[in-house]
Structures are given as C-alpha cells and as structure tokens.
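Nothing in this text is a laboratory measurement; each read-out follows from the coordinates by a stated rule. Since this is a predicted model, take the numbers as computed values, not measurements. Note: ideal-geometry Cβ built from the backbone for every residue, glycine included; neighbour counts use all protein chains shown.
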Amino acid sequence: MDNHTIRIERQMGPSELHFSPIFNVAVPFIDRHITEGRGAKLAIRSEAGDVTYAQLAANVNRAANALRKLDVAPGQRMLMVVKDCAEFFYLFWGAIKAGVVPVPLNTLLRASDYAYMIEDSACAVFVYSQEFAGESEAALAAAKFRPDHVLKCADFGQGLATESDKFEAQPATATTECFWNYSSGSTGRPKGTVHCHRDIPVTAQCYAVDVLGAKESDIFFSAAKLFFAYGMGNGMTFPLWVGGTSVLLEPRPTPESTFATIAKFKPTLYFGVPTLYAAQLASLETSKPDLASIRYCVSAGEALPGDIYRRWKETTGLHILDGIGSTEALHIFISNRPDDIKPGTSGRIVPGYEARIVGEDGHVLPPGESGKLHIRGASTATYYWNQPEKTQSTMLADGWLNTGDTYILNEDGHFQYCGRSDDMMKVGGIWCSPFEIEARLVEHPKVLEAAIVGRGDDDGLIKPEAWIVLKDQRDASETMEGELREHCKKGLAPYKYPRWFHFVEELPKTATGKIQRFKLRQH
Ligand code: 3UK
C-alpha cells in the first residue's frame with residue numbers, strides 16, 4: 001500500500017477502513033484532490049470569497065512551512081481561537097501536515113477559560129482572530145505559561161504569500177496524536193480530548209457517507225462552528241473526504257444570516273442545533289426563504305424535541321435527522337436515517353459503532369430499561385490530556401466509552417435520550433456547567449448562595465434557571481435580577497446566563513449540605 005492511503009472495505013456490514021503503515025491524514029484530505037484532478041473545484045465558499053482545492057492545498061503547504069520555520073516541533077500544540085474562515089483550514093491542516101497538534105477552542109469563552117487551556121496544554125503556538133483579541137490577549141497576560149509564538153490569524157494569512165507551496169507530510173501513523181478538542185465537565189476544568197489521525201476518516205465514512213450519503217456533488221453548510229467537533233465534521237472534514245464544497249458563515253448564526261447563506265450558496269446538506277431550528281421556525285412565520293437546494297437537515301448537540309421536527313417538516317417539507325455525537329467520539333454515533341426517522345429519539349446505532357446500556361451494577365441491561373450509554377467505535381479519543389482519573393472513568397476497558405448520558409433502547413432498536421448522568425446542561429448545543437454559573441453568581445457582593453438547574457423553555461429546550469439566596473432579602477427586585485443577569489453575561493460565555501431568577505429564603509439541602517437540585521427541578 002502506498003504511504004498516506006486508506007482502503008475501504010465494505011462487503012455486507014459496516015465500512016472498514018485500512019490504513020497504510022505511514023499515514024498522515026492531511027494527504028488524503030487535502031493533497032488527494034489534486035492527484036484526483038479536483039484542483040479547480042471550489043473547496044470553500046463564503047462572503048470573503050471562494051477557495052479552490054488547488055489554492056487550499058498550496059496554502060496548507062505554506063502554513064506547514066511557516067510553522068516549521070517557527071521551529072514548532074511535531075507533537076507540540078497550537079491553540080486556535082479562530083472564526084470560521086479559510087485560514088482556519090490552512091492553520092488546522094498545515095499544522096497536521098507538519099505534525100503539529102491543532103487545538104480549536106470555543107470562540108465564545110472568556111479570558112480565564114483560555115488562560116487555563118494555555119497552561120494545561122503548554123502550547124507552543126497561540127493563534128487568534130482579531131474578533132477575539134480582547135479575551136485572547138487578557139488570557140495571554142494572565143496565564144502562568146507563555147507560548148513561544150502568538151500569532152494573529154489575519155497576519156499569519158497574509159504572511160503565507162512568501163512561503164513555498166510545497167511540503168512533504170510529516171510521517172505519522174493512523175494512531176499518532178493528531179488534534180485535540182476541549183470538552184467541559186460538570187466539575188473541574190475542561191479536558192483536552194486527544195484524537196488520532198484515524199478518527200477523522202472514520203467519522204467521515206461511517207456517518208457522512210454511510211448515513212447521510214454524502215458525495216462529491218454535495219455542498220455542506222454548518223451553522224455550528226468549526227471549533228465544535230460537530231461543526232468541524234460538517235463544515236470541514238466531511239466535504240474534504242468526498243471532494244465536496246464547504247460554505248462558511250463568519251458571523252454568529254441567526255435565522256436571517258443562515259437563511260441568506262442558504263439562498264446564496266445553495267447547500268445540499270444543512271447542519272444546525274435545536275435552538276437554532278426553533279429560532280428559524282419562529283422567523284418562518286413571517287418570511288419565506290428559498291430552501292429548495294437542501295436534501296437533508298441535521299441536528300445534534302442536544303436532543304431535538306419531536307415537536308420541532310414535526311413543525312419543521314410541515315413548514316419546509318424537509319426532514320431533520322437528529323443524531324447524538326460527542327467530542328470524545330468525534331462525531332455522530334447514533335442517528336436517525338433518511339429512510340428511518342423516529343421523531344423524539346436519537347435513532348439507531350451508526351454502522352461501525354456499537355452501543356450498550358449499563359445498569360448501576362455494571363451489567364448490560366435489556367431493551368426497555370434505562371441506564372448509562374456506553375459506545376465503542378474506531379473514532380473514539382485515546383485519552384484526556386493530564387487527567388488520568390477522568391480518562392479512566394470515561395475510556396473504559398476493551399475500547400468502550402462512557403458517554404455520561406442516560407438512554408433507553410426501544411424494542412425496535414431506536415435509542416431514547418433520558419438525560420445526563422451528571423448535572424451538565426446543553427444550552428444551544430454547547431456545554432454549560434451549573435457549578436460554573438453558581439460560582440459566578442456568588443462572586444456578586446449581594447449573593448449569599450445560588451443554585452442552577454436546567455429548565456425546558458416553550459420549545460422544550462433546556463436553559464439555566466437560577467435560585468438565589470440574597471444576603472439581604474430586601475434586595476430582591478427586578479432591578480436585582482437585571483443586575484445579576486448582566487453580571488453573568490459579563491463573566492461567563494454569553495449563552496450561559498440564567499433565563500429565569502427566583503429569590504428564595506433558603507435552598508433545599510441534604511443533611512450533608514448538598515443542594516437537592518431535583519427538588520428545584522420539580523418546582
Ligand atoms: C449531548 C445529545 C441528545 C449528549 C457533538 C455531534 O454535542 C456534541 O459533542 P459535545 O462533546 O457533547 C456531547 C453530549 O451532548 N448530545 C449531543 N447530541 C445529542 N443529547 N440528543 C442529541 N442528538 O449529552 C452528549 O453526550 O459538545 C454532536 C457531533 C459531534 C459532537 N461533538
């Protein structure tokens with residue numbers, strides 16, 4: 001087998017991928033398109049302009065050369081606080097081609113989050129888009145670790161012009177560390193989730209090709225950003241696997257901006273999160289955008305309420321395929337199918353993955369009983385950086401991954417989501433820890449205690465709800481509520497502020513002083 005190649009075997013069952021002994025994933029995802037004659041085809045489209053596969057391959061090589069010149073050694077990390085733009089592709093794939101490990105970060109985070117990630121990863125390079133300069137520069141100033149190189153994305157992009165467009169891929173293997181994503185937990189700091197080269201083609205083949213039927217003629221538009229493992233698949237690795245086209249939307253996705261992007265660039269596959277579908281549905285009451293190009297819509301990040309599925313189908317005529325994925329699995333491992341949709345469920349296991357539902361005692365449960373969802377497949381992360389205990393409790397023996405979700409397997413093979421095994425919430429598809437919001441609230445001089453629980457809004461989508469004990473009860477007022485809301489918006493990622501406030505005399509607690517969240521949820 002030639003270096004850097006993948007052989008796909010598909011007889012009866014799921015696709016099986018076989019990797020050449022020397023394997024760097026940048027070659028089949030970037031360079032292959034040139035040898036296959038796709039150089040003039042558009043790889044990326046956006047308001048900023050179009051990029052062909054030939055331009056993409058040349059710029060990836062230039063980025064790899066630039067990193068090599070900076071003396072960044074293979075295996076070192078490059079943190080990226082970068083918006084959805086062509087430079088994201090150049091940086092990410094240039095790093096991989098040079099053996100450097102790119103780590104895309106959520107661009108909505110705050111300086112303290114980034115400072116932690118700089119220290120935890122001990123990154124050699126930190127690169128940011130101008131839009132995120134405030135939080136990025138504050139983080140660099142506060143962090144106890146200093147990256148060797150701090151780059152501004154736009155400057156880096158301009159500097160590429162002088163670099164050579166030839167680069168020989170750093171030799172690696174299918175199981176060499178390739179990139180990380182940070183995944184948040186309910187307690188403790190985010191975890192650097194380490195993925196290897198193999199994980200990218202596995203998700204692209206097993207989910208994008210085998211479930212969605214993705215092909216070269218497809219145009220992919222992901223409203224979910226590239227920094228999420230979800231958006232990274234939808235908007236970058238899937239189109240690059242099939243030789244399709246990716247459409248990027250730089251600013252925040254709103255009903256207006258996403259509909260305008262769809263009308264202009266005519267995607268065939270559209271990827272969103274439930275909160276955005278709900279907002280788009282509301283806006284469809286007064287507008288009639290052109291969605292005729294779309295074959296399928298996909299939803300992930302949190303459970304899609306059956307009602308949103310049905311209203312979307314009635315209004316647009318389009319199906320939304322709900323699927324559950326995770327940063328640890330890299331992409332979707334249980335999904336509804338174009339020909340097999342059960343609204344209100346996550347669908348069936350994606351061929352190539354296995355699932356089991358496990359009881360408290362660790363035994364596998366029969367269909368119909370709720371328990372912890374474990375999954376197994378060839379794309380799951382190898383380990384968490386610097387966190388051996390969390391690695392041990394998540395990455396289990398024999399390749400099983402503990403998802404942290406509670407599920408029921410129905411008799412007919414559909415998986416029904418029942419909630420998290422921990423206190424974590426998904427808000428707009430992004431992780432939100434109640435403890436983090438509580439910690440921010442008690443930083444306010446007038447707050448004595450705070451408890452956060454998740455509550456469903458009118459669309460059945462979870463949002464944080466705050467229960468507050470003030471130091472002086474007489475301060476309770478609407479003004480106080482507004483003050484606390486602003487306090488949260490300022491200190492936390494913007495989607496994390498509580499949508500409802502209750503001022504109470506005390507919080508329900510156990511004898512040992514633990515807040516009884518279930519009592520607050522019942523309210
Ligand atoms: C929850 C869902 C019910 C669930 C992701 C697609 O969301 C992704 O990754 P994260 O690491 O979060 C994983 C957790 O989110 N979840 C995601 N999708 C669903 N719950 N129904 C769903 N459809 O708790 C899961 O454990 O942020 C999604 C592809 C790649 C991803 N990284």
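Please give the contour-minus-distance gain from T512 to T315: 0.36 nm per residue of separation, less the Cα-Cα distance, rounded to one decimal in nm.
In short, 65.8 nm is gained.
The trypsin sites (Lys or Arg not before Pro) of segment 442-471 that DSSP puts in a loop, and whose beta carbon has at most 12 other beta carbons within 10 Å, are K471.
Axis angle, to the nearest 10 degrees, between helix 53-69 and the longest C-alpha principal axis of the chain: 80 degrees. Take the Cα of M1, step 7 Å toward its Cβ, do the same at D412, and the gap between the two points is 3.9 nm. Between the beta carbons of V364 and S293, assuming R0 = 60 Å, the FRET efficiency works out to 0.85 to the nearest 0.05. Summed over qualifying helices (DSSP H, 4 residues or more, each -39500 (n - 2.57)) and divided by its residue number, the chain shows a 222 nm mean residue ellipticity of -8000 deg cm²/dmol.
Listed peptides 255-262, 50-57 appear in the order 50-57, 255-262 once ranked by packing, highest mean of other Cβ atoms within 10 Å at the front.
Label sites at A122 and E478, each approximated as a point 7 angstrom past Cα along Cα to Cβ, lie 5.5 nm apart.
Oblate is the label for segment 12-81. Its Cα gyration tensor axes, ordered a ≥ b ≥ c, give a/c of at least 1.5 and b/c at or above a/b.
As a length-normalised measure over Cα pairs under 8 Å and 6 or more apart, the relative contact order of segment 409-523 settles at 23 percent. Of the peptides 506-512, 24-30, 385-391, the ranking by mean beta-carbon count within 10 Å, highest at the top, reads 24-30, 385-391, 506-512. Angle, helix 133-142 long axis vs. longest principal axis of the chain, Cα atoms, 0 to 90°, nearest 10? For helix 133-142, the angle is close to 80 degrees.
Can you work out the FRET efficiency for the pair D457 and D165, with r the C-beta to C-beta distance and R0 = 51 Å, to the nearest 0.05?
After rounding, the FRET efficiency stands at 0.55.
Highest mean packing first, where packing is the average number of other Cβ atoms within 10 Å per residue, the peptides 107-115, 267-275 line up as 267-275, 107-115.
Helix 478-491 versus the longest principal axis of the chain: what angle, 0 to 90°, nearest 10, using Cα atoms? In the chain, helix 478-491 runs at an angle near 30 degrees to the longest axis. Annotation: extensible slack from V150 through D339 equals 63.2 nm (criterion: 0.36 nm per residue apart, minus Cα-Cα distance). Note on K288: aspartates and glutamates with a C-alpha under 18 Å away, same-chain residues under 8 apart excluded, are E256, E314. Fully extending the segment from A73 to S421 would add 121.3 nm, taking 0.36 nm per residue of separation and subtracting the current Cα-Cα distance.
Can you give the Kirkwood hydrodynamic radius for the chain, in Å, rounded to one decimal and based on Cα pairs?
Working: mean 1/r = 0.0419 Å⁻¹.
About 23.9 Å, per the Kirkwood formula over Cα pairs.
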